[in-house]
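Taking it in order: structure first as structure tokens, then the write-up.
The values are calculated or read from the model by the stated rules, or taken from the named source; none is laboratory data. Please read these numbers as outputs of a predicted model, since none were measured by experiment. Cβ coordinates were reconstructed from backbone atoms using ideal geometry, including for glycine residues, and neighbour counts include every protein chain displayed.
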Amino acid sequence: MSQQTPGSTAMQAPQGDAFENLSQENRRFAPSAEFAANAVVTAGEYAEADADRPAFWAKQARELLSWSKDFTQTLDWSNPPFAKWFVGGEINAAYNALDRHVEAGHGDRVAIYFEGEPGDTRTYTYAQLTEEVKKAANAFESLGVTKGDRVAVYLPMIPEAVITLLACARIGAIHSVVFGGFSAEALRSRIDDAEAKLVVTADGTYRRGKPSALKPAVDDALAHDGHTVQNVVVVKRNGQDVDWHEGRDHWWADTVGAASAEHTAVGHDAEHPLFILYTSGTTGKPKGILHTTGGYLTQGAYTHKAVFDLHPETDVYWCTADVGWITGHSYVAYAPLINGATQVMYEGTPDSPHQGRWWEIVEKYKVSILYTAPTAIRTFMKWGKEIPAKSDLSSIRVLGSVGEPINPEAWMWYREVIGGNGGRKQTPAPIVDTWWQTETGAQMIAPLPGVTATKPGSAQVPLPGIAVDVVDELGETVPNGHGGFLVIREPWPAMLRGIWGDPERFKETYWSRFESMYFAGDGAKKDEDGDIWLLGRVDDVMNISGHRLSTAEIESALVSHPAVAEAAVVGAADETTGQAVVAFVILRGDAVDTGDDIVQELRNHVSKEIGPIAKPKTILVVPELPKTRSGKIMRRLLKDVAEGREVGDATTLADNTVMAQIARSLKK
Ligand code: WT7
């Protein structure tokens, strides 16, 4: 085993009582005979993939995708951890998502049912979406964007987001989506890191019935000299006034709208970069996760078909994730369209104009596959089952979960209330809990709904062709009934190819903790059946409502405020959001502790620096922070305080009176 990375020194194998209880789950829900009989994949896939993993993926690549040039080698792993999949192959992602379905006679099939937050709707058939993407491709090219250029995308959940991504893919430009909830500052650092040439944005969107702006953040992000952006394309969405930079800014309607609808897609190398997506790591600076084309599309398409049991002619699929996250890339923009599915896209929040909005959408479009996050499910639980009961949810036949561990209570509620149409259905829909990451690009651990007997709370089994394991400190496989670290032992098609501009950080972050294995950063346990239970991150990464944030990132935002001398952030258990951000700050000597005012100011400051999702739920002003002799903050102890527990072993503190000082200051 090699040296631990600096950020990983505090990592501990998960243990404790809560963890032991998980293995006592013995409810099982086997697929119904009818479901199993009609399932698109069978148990045979596991054996087939085990027998020859590369051959299995080569078969999927050729069956699910259309290559303009066939590949000559399935996997080149001669220079780990830098993998090459489908070597020599050429493929166009947009052609696969669009044109080929039209050519196959499915041009009239609905690709997207769009439901705007104010209630406006739009429907795009495959033929119409293909036309829009061709126009956008021509428009971007006319603005000087060529193969390999980076395009930053800062858009709400509207069809133009999908159109933009596919138009970039079509011309070989690399998109870098920045979630619309991130601040101007976060946007600026991502635009600069990727050296984007074009930004695609909107005037704004709607949030809870009110217009909300996006364009001002782009203007702020570009307010400094030396940035690389030449043009900004602006979708008119909410009609708000915007500042206009003549020569730089262009309305979508004037550029894309006026462009030709003729555009021929050419194949790009299987390893041509498709996109960069920034995600939080253990240090302050977000990492630009790089994904390439052939492998990413193959695993996305395969998992979308197998895990959701997709029947593209009849299913209506709805993934509620925003396109700003990896789920919105893989399971909104790419895989569903590659597979020729019909999907719903919704712009707003679940509570607008009322708490039954989602269920009305399910009823209206007869959604049959719903993919969402545990935090949403727990929120609906809190609102009560009477709300979904007002809608007819009988169309639902598969339910997916992603983003964080789903607790067995939420799992059962999801099954009975949503999958069981409020108890009106004889056999509730199966739930697939899908574990994966921005880095893995596609789902890695999940039941197959027509094969696996599901277990509330467990993601259970690696997908066919995926080699996941749970290992101890030394990298040895743990026996059933034991916990450890989640690793991936063999390369997989949709794996990240690197961190943008930082190959060393790529090796160090993922490949140095254990020899020849990818370290995911998650703790996990194998139960007596060998099923995998995810136990949360073992590093300094937090998971707030399924969104990834690093403690270091928020700490550096806090200390950038003139009143703050030092800050430590922890993710404390939260009933609804999984974890909540709790910050401990030491104020500067000359800063006046104005109580609530300073706390409010600091919360707003974090929101401005990173985005509203990073706003600490609680900020506690303390006189000291618990540190080891080497100066490392012992977040474990702060977490005990934040979660209202007795403080654990503090013997390695440099100053053993610190925890008592903190306790005294918080009592005041
Ligand atoms: C982290 C990755 C994958 C899309 C959304 C999140 C946690 C993700 C599960 C799950 C338990 C999960 C892990 C992982 N996670 N899915 N089904 N059960 N934990 O992507 O932002 O890259 O975060 O989310 O901790 O490491 P991400």
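You will find that of Val468, Val478, the residue that is modelled with pLDDT of 95 or more and not assigned by the TED database to the domain that holds Gly441 is Val478 and no other. For the condition closer than 28 Å to Leu496 by Cα and either within 16 Å of the ligand (Cβ to nearest atom) or small (Gly, Ala, Ser) (or both), Gly400 qualifies. So, Ser183, is that one within 23 Å of His245 (Cα to Cα) and either in contact with a Gly (Cβ under 6 Å, 6 or more places away or on another chain) or without any contact (Cβ under 8 Å) to a residue 60 or more places away in the chain (or both) or not? Answer is yes for this residue. Residues of the stretch 262-277 being hydrophobic (A, V, I, L, M, F, W, C) and more than 25 Å from the chain's Cα centre (by Cα), which ones? Of everything in the stretch 262-277, those that are hydrophobic (A, V, I, L, M, F, W, C) and more than 25 Å from the chain's Cα centre (by Cα) turn out to be Ala265, Val266.
Taken over the stretch 338-372, the criterion of being under 19 Å from Asp309 (Cα atoms) and touching a strand residue (DSSP E or B) at 6+ places or on another chain (Cβ under 6 Å) is satisfied by Ala341, Thr342, Gln343, Val344, Tyr365, Lys366, Val367, Ser368, Ile369, Leu370, Tyr371. Counting the residues of the stretch 638-668 that are assigned to a helix (DSSP H, G or I), more than 22 Å from Glu555 (Cα to Cα) and acidic (Asp, Glu) gives 0.
Residues in the stretch 275-296 that are in contact with a Lys or Arg (Cβ under 6 Å, 6 or more places away or on another chain) and at pLDDT 95 or above were compared, and the one that is nearest to the ligand (Cβ to nearest atom) is Tyr278. Residues that are away from the ligand (no atom under 13 Å from the Cβ), touching a residue at least 24 places away in the same chain (Cβ under 8 Å), more than 20 Å from Leu463 (Cβ to Cβ) and surrounded by fewer than 19 Cβ atoms within 10 Å (Cβ to Cβ): does the stretch 521-540 have at least one? Yes: the stretch 521-540 contains one or more residues that are away from the ligand (no atom under 13 Å from the Cβ), touching a residue at least 24 places away in the same chain (Cβ under 8 Å), more than 20 Å from Leu463 (Cβ to Cβ) and surrounded by fewer than 19 Cβ atoms within 10 Å (Cβ to Cβ).
Listed here are the residues, each with its yes/no results for (1) at pLDDT 95 or above; (2) more than 26 Å from Gly484 (Cα to Cα); (3) in the same structural domain as Trp325 (by the TED database).
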site: Phe514; (1), (2), (3): yes, no, yes
site: Ser545; (1), (2), (3): no, no, no
site: Thr577; (1), (2), (3): no, no, no
site: Phe584; (1), (2), (3): yes, yes, no
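The set of residues from the stretch 358-380 being under 17 Å from Asp315 (Cα atoms) and either within 16 Å of the ligand (Cβ to nearest atom) or not in a helix (DSSP H, G or I) (or both) comprises Lys366, Val367, Ser368, Ile369, Leu370, Tyr371, Thr372. Gly475 meets each of the listed conditions (1) within 30 Å of Thr375 (Cα to Cα); (2) touching an Asp or Glu at 6+ places or on another chain (Cβ under 7 Å); (3) more than 15 Å from the ligand (Cβ to nearest atom) apart from (1). Comparison of Thr327, Thr372 shows that the only residue that is crowded, with 23+ Cβ neighbours inside 10 Å and in the same structural domain as Tyr206 (by the TED database) is Thr327.
How about the stretch 583-629: which of its residues are under 19 Å from Ser183 (Cα atoms) and among the hydroxyl-bearing types (Ser, Thr, Tyr)? Correct list: Ser607 only. Say we look at the stretch 329-353 and pick out the residues that are out of contact with any His (no Cβ under 7 Å at 6 or more places or on another chain) and among the aromatic types (Phe, Trp, Tyr); which of these is nearest to Gly295 (Cα to Cα)? Checking each candidate, the answer is Tyr334.
The criterion of being surrounded by fewer than 22 Cβ atoms within 10 Å (Cβ to Cβ), within 16 Å of the ligand (Cβ to nearest atom) and among the hydrophobic types (A, V, I, L, M, F, W, C) does not hold for Ala333.
Conditions (1) within 30 Å of Ala552 (Cβ to Cβ); (2) among the charged types (D, E, K, R), marked per residue:
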{"position": "Thr255", "(1), (2)": "no, no"}
{"position": "Ala261", "(1), (2)": "no, no"}
{"position": "Val266", "(1), (2)": "no, no"}
{"position": "Leu277", "(1), (2)": "yes, no"}
{"position": "Thr283", "(1), (2)": "yes, no"}
{"position": "Lys287", "(1), (2)": "yes, yes"}
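The condition of being more than 30 Å from Pro612 (Cβ to Cβ), among the basic types (Lys, Arg) and within 15 Å of the ligand (Cβ to nearest atom) does not hold for Lys507.
Screening Ala429 with (1) touching a Gly at 6+ places or on another chain (Cβ under 7 Å); (2) outside the structural domain of Phe308 (by the TED database); (3) within 16 Å of the ligand (Cβ to nearest atom) gives one miss only, at (3). Scan the stretch 338-355 and tell me whether some residue there is part of a helix (DSSP H, G or I), crowded, with 20+ Cβ neighbours inside 10 Å and not acidic (Asp, Glu). Scanning the stretch 338-355 turns up at least one residue that is part of a helix (DSSP H, G or I), crowded, with 20+ Cβ neighbours inside 10 Å and not acidic (Asp, Glu). I need the full set of residues from the stretch 41-81 which are over 17 Å from Met444 (Cα atoms), exposed (fewer than 15 other Cβ atoms within 10 Å of the Cβ) and not polar (S, T, N, Q), in order please. Passing the criteria: Gly44, Ala51, Asp52, Ala55, Glu63, Lys69, Asp70, Trp77, Pro80. Do you know which residues across the stretch 599-658 are more than 30 Å from Thr279 (Cα to Cα), surrounded by 13 or more Cβ atoms within 10 Å (Cβ to Cβ) and of a type in the set (S, T, N, Q)? The one that is more than 30 Å from Thr279 (Cα to Cα), surrounded by 13 or more Cβ atoms within 10 Å (Cβ to Cβ) and of a type in the set (S, T, N, Q): Thr652. Counting only residues that are hydroxyl-bearing (Ser, Thr, Tyr) and within 11 Å of the ligand (Cβ to nearest atom), the stretch 434-458 holds 4 of them.
Determine, yes or no, whether Glu34 is surrounded by fewer than 13 Cβ atoms within 10 Å (Cβ to Cβ) and either assigned to a helix (DSSP H, G or I) or assigned by the TED database to the domain that holds Leu166 (or both). Judged against the criteria, Glu34 is a match.
Scanning the stretch 553-575 for residues being outside any strand (DSSP E or B) and within 16 Å of the ligand (Cβ to nearest atom) gives a total of 2. On the stretch given as the stretch 635-654, residues that are in contact (Cβ under 8 Å) with a residue 24 or more places away in the chain and touching a helix residue (DSSP H, G or I) at 6+ places or on another chain (Cβ under 9 Å) total 5.
Okay, residues lined up against (1) among the aliphatic types (A, V, I, L, M); (2) buried (at least 20 other Cβ atoms within 10 Å of the Cβ); (3) assigned by the TED database to the domain that holds His605; (4) under 27 Å from Glu63 (Cα atoms):
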site: Gly119; (1), (2), (3), (4): no, no, no, no
site: Asn138; (1), (2), (3), (4): no, yes, no, no
site: Thr164; (1), (2), (3), (4): no, yes, no, yes
site: Gly172; (1), (2), (3), (4): no, yes, no, yes
site: Ser183; (1), (2), (3), (4): no, yes, no, no
site: Asp192; (1), (2), (3), (4): no, no, no, no
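Quick grid of which residues meet (1) of a type in the set (A, V, I, L, M); (2) surrounded by fewer than 19 Cβ atoms within 10 Å (Cβ to Cβ); (3) closer than 21 Å to Thr327 by Cα:
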{"residue": "Thr427", "(1), (2), (3)": "no, yes, no"}
{"residue": "Trp435", "(1), (2), (3)": "no, no, yes"}
{"residue": "Ala459", "(1), (2), (3)": "yes, no, yes"}
{"residue": "Val470", "(1), (2), (3)": "yes, no, no"}
{"residue": "Thr477", "(1), (2), (3)": "no, yes, no"}
{"residue": "Gly481", "(1), (2), (3)": "no, yes, no"}
